[in-house]
Amino acid sequence: MENIAKLDKRIKEDIKSFDRNKDEDGRSIINLTIYDDSEFLSQFSTDNEEVISEEVATYIENSAFPISPKDPIHIKISSDKIGGEKQDRYIKAINNYYFNKLCDLYRELKNNSIISLVLAVAGVLVLIGQFLLASVLDSLIVIEIINIMAWVFLWEACDQFFIERRKLKLKIFRYINIMNAKLSFYPLMNTGELRNNTTSIVSNKHKIK
């Protein structure tokens, strides 16, 4: 047990001292190396609405999520397979993927508000019903069951609004941070020389402020 406590303490110290590489503008760097770009785009996407594959998205998100949503990101892609035209396609595909993700999360956020309100109203109505029934019913068991039901509704309403809603907002902020990331392309054997394109992922169409 003592060894586990020491390990836990050391991990916490490592997390506090962890300093991610940053560029000259203070952006946290995410390095993405691509040897074969055949699976960079989802095989199910169309030419008009291309999106990145789940594997690429998972790597970007796993690399970005330890970074605070308040800290800007710089994604550096090293590859010998991505030329000028492909760069534009891939930037747009990343933008499309996370724009779709954000649309889905905003719908979830709206549904969360509705569900929270419905549960809260249901809890209040059941509590009112309990007080009304208490004056006409002699059964304490029935009254207690109704009371428990009321507090279950109210607890679920609080859980949805204060906990689940916060999780959704945090995920939204992280996706916005990825969409606003600076994106640069480099040769695979990186000499430090920038290749053709340095840009923000987010397009004017999907600009997030």
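The values are calculated or read from the model by the stated rules, or taken from the named source; none is laboratory data. Just so you know, these numbers come straight off a predicted model, no measurement behind them. When we count neighbours, we look across all protein chains shown, and the Cβ atoms used for this are built from the backbone with ideal geometry, even at glycine.
For the stretch 57-90, filtered to residues that are closer than 28 Å to K169 by Cβ and among the hydroxyl-bearing types (S, T, Y), the residue that is surrounded by the most Cβ atoms within 10 Å (Cβ to Cβ) is S63. Only one of the listed residues (V136, V126, V118) is among the aliphatic types (A, V, I, L, M), farther than 22 Å from R166 by Cβ and either assigned to a helix (DSSP H, G or I) or under 24 Å from the mean Cα position of the chain (by Cα) (or both). That residue is V126. Sub-8 Å Cβ pairs linking a first residue in the stretch 12-41 that is β-branched (V, I, T) and exposed (fewer than 13 other Cβ atoms within 10 Å of the Cβ) to a second residue that is at pLDDT below 95 and not in a strand (DSSP E or B), at least 6 apart or interchain, are T33/L188, ordered by first then second residue.
Residues that are among the β-branched types (V, I, T), in contact (Cβ under 8 Å) with a residue 40 or more places away in the chain and over 15 Å from I52 (Cβ atoms) within the stretch 73-132 comprise I73, I115, listed in sequence order.
Which residues, taken from the stretch 159-209, are acidic (D, E) and at pLDDT 55 or above? Walk me through it before giving the result.
Taking the stretch 159-209 as the starting set, the residues that turn out to be acidic (D, E) are 159, 164, 193.
Once the filter is applied, which keeps residues that are acidic (D, E) and at pLDDT 55 or above, the stretch 159-209 yields D159, E164.
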